[in-house]
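Nothing in this text is a laboratory measurement; each read-out follows from the coordinates by a stated rule. Just so you know, these numbers come straight off a predicted model, no measurement behind them. Every residue, glycine as well, gets a Cβ built from its backbone with ideal geometry; the counts of neighbours run over all protein chains shown.
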Amino acid sequence: MPRVVRARITPNSRKGPLVEILDDGSLQLYVRAAAVEGKANKAALLLLAEHYAVPKSAVRLSAGATSRFKRFEIDD
């Protein structure tokens, strides 16, 4: 069963790449990539794979492709 992670993405961030855990258990992802042509989504996938120490093929965007708020599934 995959782990479901809720995340808020901040593209074009000078602070990133960085993962912060928020009080409600969701994640705040800061990525340097722009939010055009899925570049920020791809950067978020790579950042989550690194954060959870899983291969990038184990991380999938399941909801929120065009939203700031996204849901990812991560296979353990």
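For V4 and V36, what is the calculated FRET efficiency with R₀ set at 30 Å and r taken between the beta-carbons, to the nearest 0.05? Please list the in-between numbers first.
Values: r = 26 Å, r/R0 = 0.88.
Given R0 = 30 Å and the Cβ-Cβ separation, E is 0.70.
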Antiparallel DSSP beta bridges within the chain, percent to nearest 5
80
What length, rounded to one decimal in nm, is gained on full extension from N12 through to S57, with 0.36 nm per residue of separation minus their alpha-carbon distance?
13.8 nm
Just how large is the dipole of the chain about the Cα centre, in debye to the nearest 20, putting +1 at every Lys and Arg Cβ and -1 at every Asp and Glu Cβ?
320
When Lys and Arg each count +1 and Asp and Glu each count -1, what net charge do the other residues less than 14 Å away from E20, Cβ to Cβ, add up to?
+1
